[in-house]
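Okay, so here's the structure we're looking at.
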């Protein structure tokens, strides 16, 4: 089992703990990762500006992975959504494929649609499987209530992204429960985290984030859990800014899924980068029962 | 006389240039916050900072950087072995030539009292160092002109640097070659250093030199008999060998000597060695005098940039020093292109041919900005677009071989450009996320302004929106824009909006709409209304609504639409078209300039 690891722009610059914890967890599970240095932006941030630019940026990544004959593993859900969308377009729309490939040709690249785009969670669920995952769990969480935040671009548009049932998804919850934690039901589970508007319309972005935080808290969650760079930055860095600015009391820290899984697999805290989160999450270790 | 005067002129230009450049480091500005720190305040802050650093444990960091990053250039090695080899060849070869050969009177002959440029090891080393530079130049030419690396740009300054070094080295080698063959030089030396009257002896020595030292004589051609040669050798060892090793050791010059042998006499009569000496000498002086104004200035600025960045900290360092460092970094840039080759959005240049997207090219524009050059509105807009088209992934900063903190530079330039008042539509995209995170760094009352301005600029081009804004709910009869209707086809969602039957599900599930008590007041048209206006071909209404720019792209609407209308994708497309329309109307020249 080997994948080309797609980190995107945010993770190496602002969310190193996501990379290190994901590498740690996947390494233990025997999932091989290949780094392709030439990868570029997935195109997501320029989709507002120009469609072709968006497709070209994404397609170049797909072409690079195809050149190595590797499926692509994305950690970020916005990257995943963009890569999936362009993968779909390049496979279905022959004239667009021809046009984009003509540009890629300049650097000896082309995309013929020979690979698949996967997300960390789908690899863990479908490729590794819950059974083998369970075997690697050393220390279970007990009494820990987690609110899973699915993230929009992995669920919708479901025809394109094909991650899980868009209305009643369960992959993430099952993956959380493998660690012994309980995945709670909360109303706004499938809603947006607010990140796409951060920096564009901060008040609106904060409203939407706060709504989710309030709901999570009221539904009894101890922590939020994410598996996307934007969602995590929104619930971590931006939540910290919201707490400072609005002085509200929603305090509901967010943990990245590989950090949660890594703790129950007994991985080193350094690798999991627990201290690198903006809002402290080390309290979560109190829920661990060491066997 | 000529030698001394021209040398001093070159040195004077070099010195004045150096001072001028250093002065600009303290005078030019990028950051708005530091606009009011005076040149002298920045100068004294720098002195204070330098002294404080030198007498602190940070000196060890500096030493480490000096050895690893400056002398051994490990940052280039990490990136690419071939480029490291290229740079090491040029830099070591040239430096050693400068110290051993150009400054031989001041350095080499002091260190080695029996120094002569024509004896080994000096003669061999001179050619070895020259050979190294040539090898480096060859790699540079190969990389820039033969290996077609996408998006690696070569500008006039890169060409100049290669050419001036090449002229210096090749003229030196040719000079050496012509001097080896030169009969007049031989005669002159013989006259100066030998007291021989005997014809036979003179013939013997000359024969020996013609045979073994490459001299081309008009009188003697060989073959020579062994006796004469033996006598010549004896005389040579008595009088010449102290200062002359065999010329084969000067392998490049000797190679030239062999090649020019058939025409050597003519060249010598035309006094070629002197002419070439002038070329060699003048090329060196031009290189020296122009150095502070060329990219070769990085010899001074790059080590300083590396050391400054190793010990400076954005949070702790004096803002005056950060401002100075950022200007100095512009001079440290060698235009090597590493940043561009690693840029996350470099590929976008293929679709949007704005040079300012590429980090290595942005630097040139920023230099003009910092120098306070008057730039036109078009030019400023183009630079602004280039600076904003950045995902802030820090890759350029991580890989820069001379340690420039490019990320901070982009951020400061972006903020100062956004204050100039031109709308930037990229600020209405997720590219703004980083700016949101860095909110604290932006002057508080300047944060929101660019965001509002971009929206206003779009609405300003929508006639129907202006009427709506005035409170008039009745719109004039407007004809259907068929081009607009059929133009919505980019993402293969063509015309799905026409399937809309107005059930309002999209608006009902939209979390943005749900956030407001009176959503229409804030958002303008709601999702289902936008779909409807697409159906009616009312482009102004679709483009002018805040809903477009407040869309999260969470795809709830599209997922829930019972008619399969690709609402979110259509909203994306409308945003593309709106930006394109405004750009075409307000900056028709921009596309042309690009």
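What's the long-distance tail for the range A:120-225, i.e. % of Cα pairs beyond 24 Å? Display every interim value, and only then the final one.
Working: 1693 of 5565 pairs.
The share of Cα pairs beyond 24 Å in the range A:120-225 comes to 30 percent.
Can you put B:328, B:296 in order of Cβ neighbours within 10 angstrom, beginning with the fewest? Mind showing how you got there, number by number?
On the way: B:328 23, B:296 19.
Result, fewest neighbours first: B:296, B:328.
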Query raised in the report: Using just the C-alpha positions of the range B:298-456 as equal point scatterers, what log10 of I(q)/I(0) does the Debye formula give at each q in 0.10, 0.14, 0.18 1/Å?
Result: -0.35, -0.70, -1.20
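Considering every residue in A:152-160, what mean count of other chain Cβ atoms within 10 Å of its Cβ is obtained? All intermediate terms of the calculation are to be shown ahead of the outcome.
Working: counts 8, 3, 0, 4, 9, 8, 3, 4, 4.
Counting Cβ atoms of other protein chains within 10 Å of each residue's Cβ and averaging gives 5.
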Query raised in the report: Listed highest first by mean packing, meaning other Cβ atoms within 10 Å per residue, what order do B:399-408, B:454-463 come in?
Result: B:399-408, B:454-463
Query raised in the report: What base-10 log of the normalised intensity I(q)/I(0) is obtained for the range A:2-120 from the Debye formula, alpha carbons as equal point scatterers, at q = 0.14, 0.21, 0.22 Å⁻¹?
Result: -0.54, -1.15, -1.25
Query raised in the report: Under the definition of Cα pairs under 8 Å and six or more residues apart, what whole-number percent is the relative contact order of the range B:298-456?
Result: 23
Requested in this report: For chain B, find the longest principal axis of its Cα atoms and tell me its angle to the long axis of helix B:527-536, 0 to 90°, nearest 10.
Outcome: 90
Report task. With everything on Cα atoms, drop me the angle between helix B:81-97 and the longest principal axis of chain B, reported from 0 to 90° to the nearest 10. Result -> 40
Query raised in the report: Over the Cα atoms of chain A, how large are the radius of gyration and the largest Cα-Cα distance (Dmax), in Å?
Result: 18.8, 58
Query raised in the report: If you look at just the Cα atoms of chain B, how large are its Rg and its Dmax in Å?
Result: 34.6, 119
Report summary line: Listing A:6, B:112, B:26 by rising number of other beta-carbon atoms within 10 angstrom, fewest first, gives B:112, B:26, A:6
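From the Cα trace of the protein assembly as shown, what convex hull volume per residue do you get, rounded to a whole Å³?
Cα convex hull per residue, to the nearest whole number: 218 Å³.
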Requested in this report: Can you tell me the relative contact order of chain B? Whole percent, Cα pairs under 8 Å, sequence separation 6 or more.
Outcome: 14
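When B:94, B:355 are ordered from fewest to most other Cβ atoms inside 10 Å of their Cβ, what list results? It would help to have the intermediate numbers written out before the result.
Numbers: B:94 22, B:355 17.
Fewest-to-most ranking of B:94, B:355: B:355, B:94.
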Query - Average beta-carbon neighbours from other chains, 10 Å sphere, peptide B:424-432 - result: 6
Query raised in the report: Ranked highest first by average number of other Cβ atoms within 10 Å, how do B:435-447, B:68-80 line up?
Result: B:68-80, B:435-447
**Report entry** Averaged over A:53-61, number of beta-carbon atoms from partner chains that fall within 10 Å
**Finding:** 4
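Can you give the relative contact order of the range A:185-291 as a percent, counting alpha carbon pairs under 8 Å and 6+ residues apart?
Working: 111 pairs, mean separation 24.2, N = 107.
Reported as a whole number, the value is 23 percent.
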Query raised in the report: By how many degrees, between 0 and 90 and to the nearest 10, does the Cα long axis of helix B:406-418 differ from the longest principal axis of chain B?
Result: 50
Query raised in the report: In nanometres, what is the gap between the two model label sites at residue B:313 and residue B:258, each 7 Å from Cα along Cα-to-Cβ?
Result: 6.1
Report summary line: A chain fully extended from residue B:508 to residue B:368 at 0.36 nm per residue, minus the present Cα-Cα distance, gains in nm 45.3 nm
Requested in this report: Can you work out the PRE-style zone for residue B:160? Point 7 Å along Cα to Cβ, and I want the residues of the range B:281-301 with backbone N under 13 Å.
Outcome: B:286-298
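Using C-alpha positions alone, give me the convex hull volume of the range B:477-593 per residue in cubic angstrom. Before the final figure, lay out each step's value.
On the way: hull volume 14.0 nm³, N = 117.
Value for the range B:477-593: 120 Å³ per residue.
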Query raised in the report: Evaluated at 25 °C with a viscosity of 0.890 mPa s, what Stokes-Einstein diffusion coefficient in µm²/s does the range B:182-278 have when Rh comes from the Kirkwood expression over alpha-carbon pairs?
Result: 175
Query raised in the report: Out of every Cα pair in the range A:138-289, what percent are spaced more than 18 Å from each other?
Result: 56
Report task. Two decimals is fine: what is log10 I(q)/I(0) at q = 0.14, 0.15, 0.16 Å⁻¹ for the range B:73-219, from a Debye sum with one equal scatterer on every Cα and no solvent? Result -> -0.83, -0.90, -0.97
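Bear in mind these aren't lab numbers, they're just calculated from the coordinates by the rules spelled out. These numbers come from a predicted model, not from an experiment. All Cβ positions, even for glycine, are placed from backbone atoms using ideal geometry, and neighbour counts span all protein chains on display.
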